[in-house]
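Read the structure below first, then the notes.
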Amino acid sequence: MSKSPQRPALLMLLTAVLALSACGDKSRKVAPESQEASEPAVEEVASNEPQLPAADYFAPVLASAAGSYSACQAIGAGAEGGSKASGTVVVAANGKVSGADVAADVTPDTDSMMIRQRAGNAAPTVSLAVQSDKFTLSLMEHDDGTKQAHFGSPPNNLVQCKITTPIKLASQSLYATYAYVMDAKTRIKCLNADTFKFDEVDYQVAKGVLKIADEVYDLNTLKMETVSFGKDKLFSYLGQTADERSIMVFLDAQGKVKNLQVRGKGNKAYACDVSP
């Protein structure tokens with residue numbers, strides 16, 4: 001259950017953009033060559049199986065990013081090099097980004113990451129990053145309530161803008177945003193870390209509650225949630241509770257559970273996989 005390489009890259013992106021922001025404020029398998037005669041018949045049967053449509057993981061990202069961003073200015077190396085980019089950046093509903101010397105298209109083929117977290121009883125803060133080979137878009141909410149958007153290609157071509165309205169992703173948990181793909185009910189094979197045995201257990205996500213075996217998680221009250229997906233068409237959800245329990249759920253391109261990991265209290269933990 002390896003992680004996709006875009007996850008750390010996007011985390012690094014969020015860190016880098018925050019740093020630049022501070023500076024700106026200060027200034028299938030391959031078949032063998034020899035095959036048995038009966039193998040083509042197997043392939044023909046498989047090809048007749050109905051294919052589920054791909055899940056749309058990107059729609060909430062675009063819906064949250066769409067809008068106008070004012071008071072934009074160049075930051076980082078671009079500003080130091082004399083860039084005078086300024087004005088307003090507009091993200092259209094179709095993903096077209098324009099204004100303040102920025103021109104790009106944000107598409108589902110980009111790598112996306114969302115983080116929603118809260119400290120104690122404080123209101124949650126949200127960060128969103130979308131990255132392709134040539135363009136970056138990020139929305140960030142800081143602990144003091146200020147919000148900023150960044151567009152461009154850091155570090156040499158980046159503009160920073162003000163966000164004057166709430167970031168849409170902040171209005172509900174990331175689970176609630178993606179309940180349309182996360183809700184599920186199935187039996188799943190898991191390695192029980194306490195007994196070192198494989199058990200088949202019930203797995204269910206519904207109405208904001210995730211249940212696996214005897215572990216229960218309220219997904220609407222988590223201390224931190226992270227959602228990421230990208231070019232590989234795989235979706236990952238990480239959640240952490242206030243008492244340091246955690247869950248990781250991985251979905252395939254069609255929105256079906258692929259595997260998951262659960263770490264409960266003490267030695268209670270599960271590593272689960274859905275075999276094809």
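The values are calculated or read from the model by the stated rules, or taken from the named source; none is laboratory data. Source: prediction; values computed, not measured. Every residue, glycine among them, receives a Cβ derived from its backbone with ideal geometry; neighbour counts consider all protein chains shown.
Would you say THR177 is within 17 Å of MET114 (Cα to Cα) and modelled with pLDDT of 95 or more? Yes, satisfied. Within segment 220-241, restricting attention to residues that are part of a loop (DSSP other than H, G, I, E, B) and buried (at least 23 other Cβ atoms within 10 Å of the Cβ), which residue is farthest from the chain's Cα centre (by Cα)? Taking the candidates together, the pick is LEU222. With respect to the conditions (1) at pLDDT 95 or above; (2) under 20 Å from the mean Cα position of the chain (by Cα); (3) of a type in the set (Ser, Thr, Tyr), THR107 falls short on a single one, namely (1).
For segment 81-88, the count of residues that are surrounded by 17 or more Cβ atoms within 10 Å (Cβ to Cβ), more than 19 Å from the chain's Cα centre (by Cα) and β-branched (Val, Ile, Thr) is zero. If we keep just the residues of segment 200-240 that are polar (S, T, N, Q) and touching a helix residue (DSSP H, G or I) at 6+ places or on another chain (Cβ under 8 Å), which is farthest from THR107 (Cα to Cα)? Restricting to residues being polar (S, T, N, Q) and touching a helix residue (DSSP H, G or I) at 6+ places or on another chain (Cβ under 8 Å), the top hit is ASN220. Residues of segment 249-272 that are crowded, with 18+ Cβ neighbours inside 10 Å and of a type in the set (A, V, I, L, M): VAL249, LEU251, VAL257, LEU260, VAL262, ALA269.
For ASP214, are the conditions met, namely being at pLDDT below 95 and closer than 17 Å to LYS185 by Cβ? For ASP214, the condition - at pLDDT below 95 and closer than 17 Å to LYS185 by Cβ - is met. Return yes or no: is VAL102 surrounded by 14 or more Cβ atoms within 10 Å (Cβ to Cβ), among the β-branched types (Val, Ile, Thr) and farther than 30 Å from MET224 by Cα? Criteria met by VAL102. Checked against the criterion of being assigned to a strand (DSSP E or B) and on the phi < 0 side of the Ramachandran plot, the candidates VAL201, VAL181 yield just one match: VAL201. The number of residues in segment 242-258 being small (Gly, Ala, Ser), closer than 20 Å to LYS268 by Cβ and part of a loop (DSSP other than H, G, I, E, B) comes to 1.
Taking segment 110-122 as the range and being in a loop (DSSP other than H, G, I, E, B) and either touching a Gly at 6+ places or on another chain (Cβ under 8 Å) or surrounded by 20 or more Cβ atoms within 10 Å (Cβ to Cβ) (or both) as the test, only THR110 passes. Once segment 141-178 is narrowed to residues that are among the hydrophobic types (A, V, I, L, M, F, W, C), surrounded by fewer than 22 Cβ atoms within 10 Å (Cβ to Cβ) and not in a helix (DSSP H, G or I), the residue that is nearest to the chain's Cα centre (by Cα) is ILE167.
Among the numbered conditions (1) closer than 30 Å to PRO108 by Cα; (2) surrounded by fewer than 22 Cβ atoms within 10 Å (Cβ to Cβ); (3) in contact with a strand residue (DSSP E or B) (Cβ under 9 Å, 6 or more places away or on another chain), the only one that ARG187 does not meet is (1).
Of all residues in segment 242-273, exactly one satisfies the criterion of being among the acidic types (Asp, Glu) and under 16 Å from the mean Cα position of the chain (by Cα), namely ASP252.
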